[in-house]
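S.K.: Structure provided below as structure tokens; questions to follow.
Bear in mind these aren't lab numbers, they're just calculated from the coordinates by the rules spelled out. Predicted, not measured: the structure shown is a model, and the values here were computed from it. FYI the Cβ positions are ideal-geometry reconstructions off the backbone, even for glycines, and counts take in every protein chain you see.
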Amino acid sequence: MKVFNIVCFLVLVGFACPSSVIPRSTGEQLTSADAQPLPEILSREKEVALALSAGPEHLRQGAAVYALERNGFVKVRDGSNGFTCIVNRDHPLNQKPVCFDAEGTATILPKILRVGELLMQGEPMSEIDSEIAEGFRSGKYISPRRAGVAYMLSGDIRNFNSRTGKVESFPPHVMFYAPNLTNADLGITPEALAKDPSLPFVAYQGPHGFIIVVNNHTKQMHMEH
């Protein structure tokens, strides 16, 4: 596998999006004039299936599962292998199935649960982002303490791109924890990424940063506006 720049994260790390790798748009748009919607609540069956689709097949049966309800996420299944699967909502229009290992379950999952709770209360993203940032500063949330993995192997990943104002899809991938690692540490620049999208880069630069690796069989996927 090669590390690949998942474009939906470029806005979050301050990089311009190379036009050759902008994901396909689903057509949903959210403008600044729109009121912030609440996240969509899926049927329990669909939510669980979508969450588990993020992990490799051999890990799904033993993984714990969370599902979104009116007041936030609830644990709907205990696990036996240390992995936890959830459809992450880090924006009202996002649906990002992810399966965290034990370290991610202990350190990143609490942040995801809190964001889901605040979104279901209708809190604006700016205030949510501020609370989470303060949570990391105060020690309420902590960075992963060792190397680890979060699987996002689902073929149904939806992400709101603030640059385009649209919900876009992006391919299955694997994330490795890279707390406080920067693109400068990797020698990565926006110009370099625009020229060679296969270069490694850090998404969510900061205490909950990740290095992104796209699944091998998706490397030839054609993506367009």
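S.K.: FRET efficiency for Val74 and Leu186, Cβ-Cβ distance as r, R0 = 30 Å, nearest 0.05?
M.R.: About 0.20, to the nearest 0.05.
S.K.: In whole angstrom, and with the biggest value first, how far do the Cα coordinates of the range 83-179 range along each principal axis?
M.R.: Result, largest extent first: 35, 30, 21 Å.
S.K.: Here's something else I'd like to know. For a quick check of your reading of the filter: which trypsin sites (Lys or Arg not before Pro) in the range 44-74 sit in a DSSP loop and have no more than 11 other Cβ atoms within 10 Å?
M.R.: Sparse-neighbourhood loop trypsin sites (Lys or Arg not before Pro): Arg70.
S.K.: While we're on this one: Tell me, what is the FRET efficiency for Gln36 and Ser138 to the nearest 0.05, using R0 = 22 angstrom and their Cβ-Cβ distance as r?
M.R.: According to the calculation, E is roughly 0.30.
S.K.: Under 5 Å between amide H atoms, partner at least 5 residues away or on a different chain: which partners does Val202 have, H built in plane at 1.01 Å?
M.R.: HN-HN under 5 Å from Val202: Asn183.
S.K.: Here's something else I'd like to know. Applying the Karplus parametrisation 6.51 cos²θ - 1.76 cosθ + 1.60 with θ = phi - 60° to the phi angles of the range 48-61, what ³J(HN,Hα) value in whole Hz is obtained for each residue in order, glycine and proline being reported as x?
M.R.: 5, 4, 5, 4, 5, 5, 6, x, x, 4, 6, 9, 5, 5
S.K.: Quick one: what does P(r) look like for the range 134-195 with 5 Å bins over all Cα pairs, in whole %?
M.R.: With a bin width of 5 Å, the distribution comes to 4, 12, 12, 15, 25, 23, 8, 1.
S.K.: Please report the projected area of the range 110-154's Cα convex hull averaged over all directions, in nm².
M.R.: Its Cα hull, projected and averaged over all orientations, spans 4.2 nm².
S.K.: Starting from the 7 Å offset along Cα-to-Cβ, what nm value, one decimal, do you get for the label separation of Ala147 and Asp129?
M.R.: 3.2 nm
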